[in-house]
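Note sheet for the following structure.
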Amino acid sequence: MTMTLILIKTIPALSALALLVALHAASVQAAQPLQASRAGDQVPAALVNAPLPADGNDERQPLAFAWALDPAQPVTAGVPFTDVSRSYWQQVDGAALQRGLDLPLTAPDAVIQLSPAPDARALPASQLQVRDPAGRVGQARAVEAADLQAAGMPVTTGSTMLRTGADSPAGAYRLQSAQAQGRYVVQVLEPDSPVRLQVQPGRMQVLAGERLPVQVTLADERARATALASRRRSLGGQALLVAPDGRTWPQALRPGANGGLSAQVQIPADSGAVQGLWELQVFTQADGVLRDGKVAFAVARPTARFAGQATADAGTRRVALPVQVAAAGRYEARGTLYATAGDGQLRPVAQAHAAAWFGHAGRGELVLPFDQAALPSGYGAPYELRHLQLQDQSRMAPIESRGQALRF
């Protein structure tokens, strides 16, 4: 009877212990969805199939690795490149050069480069005249194409470079040649100009079919606040989207904040098969000042995405990420592990990459092996997965990115 009573009392105790162990295991290794996307994240809404490029990455062996980070060194997300321009260019025909081409300059020591098209007559410096705002023929220094090429500059044969003097006044200059025939590209660079154009895209990458926000501003370092506001109100221009295969689409520039311009660049759903960066070329004018700029960014077709429940094991620090694939290829996941320090703050302790070949559309998994990197002393759970990215290595395309993805 006594033995029976002991057994009866022990069974509930064992069950409770087993339940606690099971609950602890579930808390250590739990399946959960990725966190909701935030501003700045890139998450495909729908997937598309795409053929494999002839020169794509066809490596079939899976690969996964990780390395430790110094938690004292912060990891920052990439910032979109801002183009700062003190230059402009234009295409002209021989008739315009024969009449005289007006070139507005805002500072001394401006550089003027004239490059002939393949069917145009080359114009040496002796056949070019540069008149200053007073109508006088300036004493511009000249360098011919051979000297520029010898110095390593990739200029067209027949190009000529002129430079105004250090004491040359600002104003409207005139470039003229009676011998001009054909078409030419005229580029003007004012390295000492206080007037600069800034072109900044909202992101460094975008999915095909989506829109890319772009901000365009003109700054004048010499202008007083009222004059600068007036100049910004007069800023106008146009933009051109250029694909790696040479296709182009005009883009509207509309008045934006603080007197600048803004654009919502529409990326075509058919991004083409040619790999490479896309460009947005911007051409502006304000109160007689010309400025051009351009920015480059990546465009990806959404061939895959993270989908389903991720499994994060706090004991081994391995994170399994389910992937939905619409096109065969090699895909890579990468991310940064943040761990909790003694002061309760999350800091970066490891980075991991995992890549594998997916031979057909369907579902698969990529596992980030953070366990390969030793934790710094005093760091542990809870963890957070940040800066998570999904790359299409076969098409060299960044498909998905999340600043904060998972906490476990």
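For the pair ALA151 and ALA72, the difference between a 0.36 nm per residue extended length and the Cα-Cα distance amounts to 24.0 nm.
Each principal axis of the Cα atoms in the chain has its own extent, and those three values, largest first, are 122, 50, 39 angstrom.
Packing order of peptides 380-388, 300-308, highest average first: 300-308, 380-388 (average count of other Cβ atoms within 10 Å over each peptide's residues). Distance from the C-alpha centroid of region 349-408 to that of region 263-331: 17 Å, rounded to the whole angstrom.
Remark: the LEU277-ALA314 segment gains 9.4 nm on full extension, using 0.36 nm per residue and subtracting the alpha carbon distance.
Suppose only helical runs count, i.e. DSSP H with n ≥ 4. What mean residue ellipticity at 222 nm does that imply for the chain under -39500 (n - 2.57) per run, divided by all residues and rounded to the nearest 500 deg cm²/dmol? Using -39500 (n - 2.57) per qualifying helix, the result is -3500 deg cm²/dmol.
Based only on other Cβ atoms within 10 Å, what is the fewest-to-most ordering of TRP249, TRP67, TRP357?
On the way: TRP249 14, TRP67 11, TRP357 17.
Going from least to most buried by this count: TRP67, TRP249, TRP357.
Taking 7 Å steps out from each Cα toward its Cβ at GLU365 and GLN127 produces label points 7.2 nm apart.
Considering only the other residues whose Cβ falls under 12 Å of the Cβ of ALA405, what net charge follows from Lys and Arg at +1 and Asp and Glu at -1?
Values: positive: ARG38, ARG334, ARG386, ARG402, ARG407; negative: ASP41, GLU384, GLU400.
Counting the neighbours of ALA405, the net charge comes to +2.
Run the numbers for ASP343 and ALA39: contour at 0.36 nm per residue of separation, minus the present Cα-Cα distance, in nm.
Working: separation 304, 0.36 × 304 = 109.44 nm, distance 2.84 nm.
Gain on extension, ASP343 to ALA39, equals 106.6 nm.
Can you compute log10 of I(q)/I(0) for region 269-332 with the Debye formula, treating each Cα as one identical point scatterer, at q = 0.13, 0.14, 0.16, 0.22 Å⁻¹? Debye output, listed in q order: -0.65, -0.69, -0.77, -1.00. Here is the list for region 52-142: trypsin sites (Lys or Arg not before Pro) lying in DSSP coil, each with at most 13 other C-beta atoms within 10 angstrom of its C-beta, are ARG60, ARG136.
Values in this text are rule-based calculations from the coordinates and carry no lab data. The structure displayed is predicted, hence computed values, not measured ones. Because the Cβ atoms are built from the backbone with ideal geometry, glycine has one as well, and the counts that use them run over all protein chains shown.
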